[in-house]
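The numbers here are math on the coordinates, done by the rules we state, and not lab data. The structure displayed is predicted, hence computed values, not measured ones. No Cβ is skipped: glycine too gets one built from the backbone with ideal geometry, and neighbour counts run over all protein chains shown.
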Amino acid sequence: MTHLMLYLNFLISQFDWDNQTATNFINAFSRTIWAASVGWIIFVCVKGYGGPINWFLCLQIWKIPAKVSYGMYLVHYSMMFAFYSSAVEPVYFTVTSVLFRFVAFLSLTIILAILVTALIDNPIAMLLKSLMDIKPPQEKPLTKDSREISDGQTNTPSVASRGCNVSQAFEANENENGEKNNEKSK
């Protein structure tokens, strides 16, 4: 689906393309289909069917850029707001001034985000982790035939690996013989 949207956007950018109806249709739905495609990739990776995409996105190398980019998100707006609200004369558009401001804002944002991550985010995260004694969750393999151990019983397949749909997951607990398990309700 993602490849289709990329191809269609390439197609309508060609000089000999003159189908206005198709252009309007593609422009109207391309962002929605792109968002649905990215959402589907996230959903598939969370459910364990991502394969090499899930492996690549779960690499440890992405932890630091994720924290720094979140710090950039938190810092950039307030920095730009402070700059433009303290201007004593009008700001006029020229290509060189906009390019200069872009590079300046980007570099200052990256530097401030690294400082915020190193001096605020990481120490507070370590402090909370030590105060709350949070243990990392047990890693279970993200495969479609993983087993779950629940209530000290034998290994039984999870709802997803048994091929059940969502409505069956919310029905009353039943064991393998079809008898209802009422121990939890007592």
Does a label point 7 Å from the Cα of Met79, set along Cα-to-beta-carbon, have any residues of the range 107-126 with amide nitrogen under 13 Å, and which are they?
107-117
Nitroxide proxy distance, nm - points 7 Å out along Cα→Cβ at Ile120 and Ile12
4.1 nm
In sequence order, what are the phi-derived ³J(HN,Hα) couplings for the range 12-24 according to the Karplus relation 6.51 cos²θ - 1.76 cosθ + 1.60 with θ = phi - 60°, rounded to whole Hz, with x for glycine and proline?
6, 8, 6, 5, 8, 7, 9, 8, 5, 5, 5, 4, 4
What order, most packed first, do the peptides 51-64, 89-102 have when packing is the mean number of other Cβ atoms within 10 Å of each residue?
51-64, 89-102
